[in-house]
Amino acid sequence: MSVQTTKGGYISFPDGGKVSIKEAGGSYLDIGAINSAVNFTLNYTENQIDTANYGKTDLQARDMSIDGSLTLINVEPEVIEKFGGGLLTIVDTAGSTVIDADITDQSIATFVDGTPEALSAIVTATGVGMKFSTTPVLVTVTASSSGVLAAGVDYQIVTSGTSASGYAILFNPLGTATVGITETITVDFDDNVPVASSTIYGGSSTKVLSAYALKIEHTNSSSVIDKSFEIYSGNSTSGGFQFNFKGANEDGLNEMPLTFKGDLDTSLTDGRQLFAYYTKSTA
């Protein structure tokens, strides 16, 4: 077969991507493993009149929206709650206290001024990270050059929607210790109580939903995002949650198919109110 074109700079092989969701006023949360393609379909209503003596009018597109779907296999309660847009509520149940000696100290090589660093408390015996039931308790936070840092002065603990533990640490280079961003910082966790289980509740006679933003990003081998798609104002659709339990005779994993719809965010610039599709040449 002869070559008919030399244009191929945007050819790419399927490679998945990281899907993240963000509630209003929050930060993006990685939803984790999925078991399907992520689909975004642009829809609109066509408006065109075939007149009696002028032919057809210009074709108008209105009521633009995005229909989307994916299948979640990392069925994390916090992720499901965010897709609910206020429709669902999580109640966490605390587990048994894990003592200081059983938690591996966390080492933070560098940090970005003004950006929280996720706290990662790993249970040494199992290698599994803890999700804290309350604000974590620390023995010390020590920088390699600046020494022991003071809570509330040199650092503070903040909640984090992107951290698996639910919390992050924010350093202050202008504090008393003047900790440097390239110092290695060791976080020594005290006894802490993890979340043992979570229960998702739903059900109201009426409920006003809050929109969320959703995006997928593909990162190439150079750790550069070369393709992404983002909707600014989404809501899960009626019937969009499937709480499935596969039978023992079925293959694969337990899955949660989700469907959602993106609508216009009219606070944004006209022509840019629905989505952003970014792509970088592979040439």
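The values are calculated or read from the model by the stated rules, or taken from the named source; none is laboratory data. Keep in mind the model is a prediction, meaning the values are calculated, not measured. Here the Cβ is made from the backbone with ideal geometry for all residues, glycine too, and neighbour counts use every protein chain on show. We work out accessible area using only protein heavy atoms, side chains counted, and drop any ligands, DNA or RNA first. Shrake-Rupley method; radii C 1.70, N 1.55, O 1.52, S 1.80 Å.
Going through (1) farther than 23 Å from ILE231 by Cα; (2) outside any strand (DSSP E or B); (3) touching a residue at least 40 places away in the same chain (Cβ under 8 Å) one by one, TYR54 falls short only on (3). Once segment 246-274 is narrowed to residues that are of a type in the set (Asp, Glu) and more than 24 Å from the chain's Cα centre (by Cα), the residue that is surrounded by the fewest Cβ atoms within 10 Å (Cβ to Cβ) is ASP251.
Taking the numbered list (1) over 30 Å from VAL38 (Cβ atoms); (2) crowded, with 19+ Cβ neighbours inside 10 Å; (3) of a type in the set (A, V, I, L, M, F, W, C) in turn, ILE80 passes all entries but (1).
Among residues of segment 21-41 that are touching a residue at least 60 places away in the same chain (Cβ under 8 Å), those with a beta-carbon under 6 Å from a residue that is part of a loop (DSSP other than H, G, I, E, B) and hydroxyl-bearing (Ser, Thr, Tyr) at least six positions away or on a different chain give the pairs LYS22/TYR28; ALA24/SER210; SER27/THR162; LEU29/THR162. Restricted to segment 116-128, and to residues there that are within 19 Å of the chain's Cα centre (by Cα) and outside any strand (DSSP E or B), the residue that is surrounded by the most Cβ atoms within 10 Å (Cβ to Cβ) is LEU119. Would you be able to tell me the number of residues in segment 159-199 that are loosely packed, with under 14 Cβ neighbours inside 10 Å and within 25 Å of the chain's Cα centre (by Cα)? Number of matching residues: 4. LYS131 meets all of the listed conditions (1) touching a helix residue (DSSP H, G or I) at 6+ places or on another chain (Cβ under 8 Å); (2) of a type in the set (D, E, K, R); (3) under 26 Å from ILE34 (Cα atoms) but one, namely (1). None of ASP113, ASP102 is surrounded by 13 or more Cβ atoms within 10 Å (Cβ to Cβ) and of a type outside the set (Phe, Trp, Tyr) except ASP102.
Total residues in segment 16-40 satisfying the condition of being assigned to a loop (DSSP other than H, G, I, E, B), closer than 18 Å to GLU230 by Cβ and open to solvent by 70 Å² or more (accessible area, probe 1.4 Å): the figure is 2.
Is it fair to say ALA143 is closer than 23 Å to LYS18 by Cβ, crowded, with 18+ Cβ neighbours inside 10 Å and in contact (Cβ under 8 Å) with a residue 40 or more places away in the chain? So ALA143 does not fit the description; no. Within segment 206-243, the residues that satisfy the criterion of being at pLDDT below 95 and either among the acidic types (Asp, Glu) or exposed (fewer than 12 other Cβ atoms within 10 Å of the Cβ) (or both) are THR206, VAL208, LEU209, SER221, SER222, SER223, VAL224, ASP226, SER238, GLY239, PHE243.
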